[in-house]
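The values are calculated or read from the model by the stated rules, or taken from the named source; none is laboratory data. Keep in mind the model is a prediction, meaning the values are calculated, not measured. Positions of Cβ are backbone-derived with ideal geometry, glycine not excepted, and every protein chain shown enters the neighbour counts. With ligands, DNA and RNA removed, areas are computed over all heavy atoms of the protein, side chains included. Shrake-Rupley method; radii C 1.70, N 1.55, O 1.52, S 1.80 Å.
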Amino acid sequence: MMTPNRVAVVTGANKGIGYFIALQLGMSGLFSNIILGCRDVQRGTTAANQIQALVQSKADTKIEFSPLVIGDEATHSTFCEKMKKEFGKVDVLVNNAGFAYKGVDPTPFEGQTEKTLSINYFGLVDFTQKMLPLVRKGSDPRIVNVASMAGRLGQVSSELQKKFSEDSLTIDELNTLMNQFKSGVQAGTYKADGWSSSNYGMSKLGVIAATKIWARQEPTIKINACCPGYCATDMSSHKGSRSAQDGAKNAVIPATTENPPTGEFFRDYEISTW
Ligand SMILES: NC(=O)c1ccc[n+]([C@@H]2O[C@H](COP(=O)([O-])OP(=O)(O)OC[C@H]3O[C@@H](n4cnc5c(N)ncnc54)[C@H](OP(=O)(O)O)[C@@H]3O)[C@@H](O)[C@H]2O)c1
């Protein structure tokens with residue numbers, strides 16, 4: 001089978017939902033190359049080999065691992081340079097890598113804010129900004145940001161809801177808002193100031209807000225966010241009611257469907273409200 005010369009990147013693809021996003025993109029036959037951006041060489045290489053073995057009977061797609069630590073800006077740059085040198089473009093970027101503290105983790109709330117935001121929000125934003133020049137060069141280019149229902153707008157005050165959903169909001173202004181949340185947590189004033197009482201929820205709210213900003217700023221790229229649903233993965237200690245395979249479809253649909261919308265939030269396999 002001839003596979004079109006299209007390149008997809010999936011972050012955090014060595015396990016869980018990201019693994020199945022990469023596998024399903026591979027099985028689609030729409031890509032010549034799929035790159036798993038993972039932080040561990042062993043885990044990334046093993047997953048790439050497994051996906052390659054599953055895909056090769058279906059499609060002529062090369063599955064590769066490339067080192068990437070979301071939140072480590074030096075690795076963001078190295079990864080982008082590699083993509084530029086090897087392919088000169090990226091057609092589909094799925095920002096799936098994410099982190100959540102377990103409920104039983106003894107780290108206090110204010111000690112969890114920095115790490116949660118630096119991976120899920122600030123890391124994703126920096127990596128995406130660095131990838132945008134390559135995605136602009138893609139054919140029918142797409143970005144899908146794996147967020148969560150936990151990122152719902154209603155978790156912050158109505159005053160903050162207006163700021164986050166303002167049509168003129170920029171990434172710099174959004175970064176400022178996210179830093180204000182961090183400062184509020186450290187000062188102990190975040191609840192009184194109308195912020196969420198969930199670090200993870202705030203990180204995903206930021207991802208959905210960033211998705212909408214990029215969708216406005218990048219008319220040639222279809223940029224959407226999604227919630228995979230409550231999935232049985234390591235993140236949920238395998239308590240989720242949905243399989244990772246099914247959860248992955250919520251990212252694969254906006255990444256592959258013909259004429260997708262842009263700036264939307266997908267949930268349960270269709271467009272949903274924020
Ligand atoms: N599971 C759910 O119910 C659920 C619900 C809503 C949203 N989500 C979102 O779905 C996405 C995937 O979650 P999952 O359930 O599949 O979680 P998971 O099983 O814990 O997998 C997370 C993946 O992200 C990678 N990762 C974490 N931090 C990273 C970093 N700094 N740099 C690079 N890779 C990193 C992990 O790599 P390592 O193997 O090296 O740790 C792993 O490959 C996340 O964005 C999550 O927030 C999940």
Which of the residues belonging to the range 103-162 are of a type in the set (Val, Ile, Thr) and either closer than 23 Å to LEU30 by Cβ or in contact (Cβ under 8 Å) with a residue 12 or more places away in the chain (or both)? THR113, THR116, ILE119, VAL125, THR128, VAL135, ILE143, VAL144, VAL146, VAL156
Every residue from the range 131-182 that is within 16 Å of the ligand (Cβ to nearest atom) and assigned to a loop (DSSP other than H, G, I, E, B): ALA147, SER148, ARG152
(1) open to solvent by 60 Å² or more (accessible area, probe 1.4 Å); (2) away from the ligand (no atom under 11 Å from the Cβ): which one isn't true of ARG39, the others all being true? (2)
Might you let me know whether the range 182-205 holds any residue that is of a type outside the set (Gly, Ala, Ser), open to solvent by 30 Å² or more (accessible area, probe 1.4 Å), farther than 19 Å from HIS76 by Cα and out of contact with any helix residue (DSSP H, G or I) (no Cβ under 9 Å at 6 or more places or on another chain)? no
Of the residues that sit in the range 59-75 and are open to solvent by less than 40 Å² (accessible area, probe 1.4 Å), at pLDDT 95 or above and away from the ligand (no atom under 14 Å from the Cβ), which one is farthest from TYR19 (Cα to Cα)? THR61
Test ALA209 against the criterion of being buried (at least 19 other Cβ atoms within 10 Å of the Cβ) and more than 9 Å from the ligand (Cβ to nearest atom), and give yes or no. yes
Among (1) within 24 Å of SER243 (Cα to Cα); (2) part of a loop (DSSP other than H, G, I, E, B); (3) not aliphatic (A, V, I, L, M), THR45 falls short only on (2)
Restricting to the range 76-99, count the residues that are within 15 Å of the ligand (Cβ to nearest atom), over 23 Å from THR233 (Cβ atoms) and open to solvent by less than 40 Å² (accessible area, probe 1.4 Å). 3
Given the criteria at pLDDT 95 or above and over 22 Å from ILE271 (Cβ atoms), does ASN175 qualify? yes
Can you name every residue in the range 251-266 that is touching a Pro at 6+ places or on another chain (Cβ under 9 Å) and either within 9 Å of the ligand (Cβ to nearest atom) or open to solvent by 20 Å² or more (accessible area, probe 1.4 Å) (or both)? ALA251, ILE253, PRO261, THR262, GLU264
